[in-house]
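So the structure is just underneath, and the comments pick up after that.
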């Protein structure tokens, strides 16, 4: 197998200094999860799907390139809209070259589900960070559905060669961990099965795949299962209908200016068109418990997703206990929540964070290291993170980002309200999800520089 080129070769240190009150309106990039899914599901329709507001970060562009490599037409028009001319369920073509996903964990894993439903082989690869991330949890159910891993790096990691099923087997699968990526990969493969594919979750995870499949005309149902879980049933071989998708602003990206506004005194910021899917809004729920002033303005629905503008004002925060069952609804926001907790008064305990250990980096360990180097009291207790908030942060540290975009952005937010500047060793990977982060934050008055 050929290997992907080295990504992120240029290291870009960045720093943030104590800033004046942040103010203004902004729209953060489109939701990354929905952008990936719009491209992949659009490729499985017959006809043209139009996507407005798609995130144009490196991760999503990698998925667009993969979809294009499998025969669908993907174009960006002059008005900023993207158009996908799909081939239909089960009719994509074998890619001639390696599918290089860079740093895109979601894109690579969901595309594995798509490839697993087609009778051809594809090679998956990515950057050094993605090559460290576990893929076996995705591959195991796909093998049960008839796919085969022909070649793989140690431990089921990238690079790997996946051979799709000649005849997809519908299965009933209970996910071993709370993961929307596992669920989505199984459902995307199940589109090509003759029969019903069922996924059972003990802890409900983000449901963008289910909502979008229903929007495109698939026969799919979702119902409660157990105390916190869901049971999803999909009927295979639907004829998906092209749709217009308006991608809302990514709550995971909105989290950074949101927390910045909360911790920088005097701030008053409006975040436009933010996704408020209840299975993604755990951060907002937690921040409100901490005393955050977050007001919803003009709440509305689009393609089955709840959206609103959010007015966020500086607030005196207090420590809280964050239950483990909330983790799936805010798994990408714990780093910036830890930053908010550092400025709160009292202890904040975040429970059940094992999934953070297998993200772009070991986010649990890296977050704790970043807090300590900036003078914040914290400790990891098993899979819990305990942050001792004192109402202020000394700062002055240099944070190792481990090629992780969210670590970089979260600790730059810390520097905006800390007593001394905060430096991150490399902000180059911010481009994977929020290419205009520095420019956007500067418009609000933030003191961030590269």
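Restricting attention to region 161-190, which residues are touching a strand residue (DSSP E or B) at 6+ places or on another chain (Cβ under 7 Å), outside any helix (DSSP H, G or I) and in contact (Cβ under 8 Å) with a residue 60 or more places away in the chain?
161, 170, 178, listed by residue number.
Confirm whether residue 237 is surrounded by fewer than 24 Cβ atoms within 10 Å (Cβ to Cβ) and assigned to a helix (DSSP H, G or I). In short, no. Taking the criterion of being without any contact (Cβ under 8 Å) to a residue 60 or more places away in the chain and assigned to a loop (DSSP other than H, G, I, E, B), the residues of region 191-202 that qualify are 194, 195, 202. Take the residues of region 145-160 that are in contact (Cβ under 8 Å) with a residue 24 or more places away in the chain and in contact with a strand residue (DSSP E or B) (Cβ under 7 Å, 6 or more places away or on another chain): which is surrounded by the most Cβ atoms within 10 Å (Cβ to Cβ)? Filtering region 145-160 for residues that are in contact (Cβ under 8 Å) with a residue 24 or more places away in the chain and in contact with a strand residue (DSSP E or B) (Cβ under 7 Å, 6 or more places away or on another chain), the one surrounded by the most Cβ atoms within 10 Å (Cβ to Cβ) comes out as 147. Looking only at region 125-154, residues that are in contact with a helix residue (DSSP H, G or I) (Cβ under 8 Å, 6 or more places away or on another chain), within 14 Å of residue 113 (Cβ to Cβ) and not in a loop (DSSP other than H, G, I, E, B) come to 6 in all.
In this entry, residue 217 is excluded by the filter for residues that are farther than 17 Å from residue 279 by Cα and in contact with a helix residue (DSSP H, G or I) (Cβ under 6 Å, 6 or more places away or on another chain). Among the residues examined, residue 213 qualifies as touching a residue at least 60 places away in the same chain (Cβ under 8 Å) and more than 18 Å from the chain's Cα centre (by Cα).
No value in this document is a laboratory result; all are computed from the given coordinates. Keep in mind the model is a prediction, meaning the values are calculated, not measured. Here the Cβ is made from the backbone with ideal geometry for all residues, glycine too, and neighbour counts use every protein chain on show.
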